[in-house]
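First the structure, in the form of structure tokens, and then the observations on it.
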Amino acid sequence: MSTQVRATVTADQVEQISAELGEPEWLTETRLEAFEALADLDMPSVIRTPGRDWTNLDALDYESLVDPLAFEEEKDRIEAEGVDVLPWAEALEEHGDLIEEHFGSVVDPQRDYLTALSTALFSAGTVVYVPEGVAAEDVKIRTRMNSRSLFNYTLVVTEESASVTILERQETGEELPGEQYYSGVVEVVAGENSHVQYGSLQNLSEETYNYSVKRGHAGTYATVDWIEGNIGSRLTKTNVETRLLGDGSESQIVGAFFGHEDQHLDIASRVWHEAEHTTADLVTRGVLDDEARSVYEGVQDVGTDAWDTNSYQRENTLMLSDDSEADASPKLIINNHDTEASHSATVGQVDQEDLFYMTSRGVDEESATNMLVEGFFVPVLEEVAVDELREDLDELVLDRLSS
């Protein structure tokens, strides 16, 4: 598997990408080290239930999917007052020291095979820098993928008492024949008493294999909130994670997905409580139709020093078809007795009593089912504080229901 990609990607190509972006030597070396590590790294861990591995990342034909120098994208960036939202080359010129300090500090560049591949080959990059005391909303990043493969990287840094709301979208622009591969890495560094809300809406073409990892570090009294909507792609493997490193830090991870036809979604959420008085809330809801498959794993990890911890998790999947498949694996790892924690997960079909009630009052079965699906997503949509993301996600759900 690794030899496939290494047969089509060379160290010279990695250096060429770095040179075209005007990167300093330390970053070129980081890329090359990640490239060399490919020979020994394993694929990302996938969710396993007794007797079954739900996702087979080794089966993908990376040799044909990855063309490191043929990357094309359209990137729209909208910044708010007082915030720098910069393309990668420009960010290196203006904030080189900041990038050197934080790049790879949250997501290990050699975390696994696909992350190392992204580190070596990313060509689309954005840095969001929020200085001390600045409060910003409506930062937007839209990526349109116009090539067979695209590797994206985003770094967010907020200084003390700063706040920012970011809406990121990934979609396919120019339709290309054949399959595509999209990879995205997001690192968030939230300084003391700062607040980051990062919303992501993935609506890539259904010929796309999508791998992403989003991870944040929350300092003292800091908050890192994630909102993730997954509608598109053929296969999605996504990880959303927060380390609560400072006393009084908080994180909420909100997820929504809607799979149909033969889509496959492997969704993992994880929070590490590593300091006192920390709080986390994980909320995910998904719908499956046709022969779509999903697996969800949520982990709340409470450390020995995480006194007075509050950690909650809820995951619900609704299946509209007898041919769809879903599994959920919520987990608690508690190493501290001063903890309040709970987790729950449900997988089921549309409530037949609700459906009968609506059809008996003149609503046709298809319309009744659609209304019940819309209602199913309401608890998640109510948690989405970004109005535009909530409206876009609701619209995509309605489009999926009408297709």
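In table form, for the structure just shown:
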| read-out | value |
| --- | --- |
| Filter result for Ala326 (open to solvent by less than 70 Å² (accessible area, probe 1.4 Å), touching a Pro at 6+ places or on another chain (Cβ under 6 Å), assigned to a strand (DSSP E or B) and farther than 30 Å from Glu137 by Cα) | no |
| Segment 333-354 - residue that is in a strand (DSSP E or B) and open to solvent by 60 Å² or more (accessible area, probe 1.4 Å) and, of those, nearest to Leu282 (Cα to Cα) | His343 |
| Selection from segment 369-386 of residues that are open to solvent by 40 Å² or more (accessible area, probe 1.4 Å) and either polar (S, T, N, Q) or modelled with pLDDT under 80 (or both) | Ala385 |
| Some residue of segment 73-81 being open to solvent by 20 Å² or more (accessible area, probe 1.4 Å), farther than 18 Å from Arg148 by Cα and free of Cβ contacts under 8 Å to residues at least 12 places away in the same chain | no |
| Among residues of segment 233-263, those that are buried (at least 24 other Cβ atoms within 10 Å of the Cβ) and not in a strand (DSSP E or B), counted | 3 |
| Segment 275-285, subset under 9 Å from Trp307 (Cα atoms) and not aliphatic (A, V, I, L, M), residue least open to solvent (accessible area, probe 1.4 Å) | Thr278 |
| Residue, most open to solvent (accessible area, probe 1.4 Å), within segment 83-94, restricted to residues that are in contact with a strand residue (DSSP E or B) (Cβ under 6 Å, 6 or more places away or on another chain) and within 18 Å of Val164 (Cβ to Cβ) | Asp84 |
| Test: residue in segment 178-188 that is modelled with pLDDT under 95, closer than 30 Å to Tyr221 by Cα and not hydrophobic (A, V, I, L, M, F, W, C) | no |
| Within segment 40-106, helices (runs of 4 or more DSSP H) holding 2 or more residues that are among the aliphatic types (A, V, I, L, M) | 88-94, 96-102 |
| Meets criteria (over 23 Å from Asn56 (Cα atoms), more than 22 Å from the chain's Cα centre (by Cα) and polar (S, T, N, Q)) for Thr339 | yes |
| Selection count, segment 335-371, where residues are touching a residue at least 24 places away in the same chain (Cβ under 8 Å), hydrophobic (A, V, I, L, M, F, W, C) and farther than 17 Å from Glu297 by Cβ | 1 |
| For Gln202: the one exception among (1) surrounded by fewer than 21 Cβ atoms within 10 Å (Cβ to Cβ); (2) within 17 Å of Leu396 (Cβ to Cβ); (3) in contact with a strand residue (DSSP E or B) (Cβ under 8 Å, 6 or more places away or on another chain) | (1) |
| Residue check for Glu366: open to solvent by 60 Å² or more (accessible area, probe 1.4 Å), part of a helix (DSSP H, G or I) and closer than 19 Å to Gly232 by Cβ | no |
| Meets criteria (in a helix (DSSP H, G or I) and at pLDDT 85 or above) for Leu389 | yes |
| Tally of residues being without any contact (Cβ under 8 Å) to a residue 60 or more places away in the chain and crowded, with 21+ Cβ neighbours inside 10 Å across segment 290-314 | 8 |
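The values are calculated or read from the model by the stated rules, or taken from the named source; none is laboratory data. Because the structure is a prediction, the values reported are computed rather than measured. Counting neighbours? That spans all protein chains shown, and the Cβs are built from the backbone with ideal geometry, glycine included. For accessibility, only protein heavy atoms count, side chains too; no ligands or nucleic acids. Shrake-Rupley method; radii C 1.70, N 1.55, O 1.52, S 1.80 Å.
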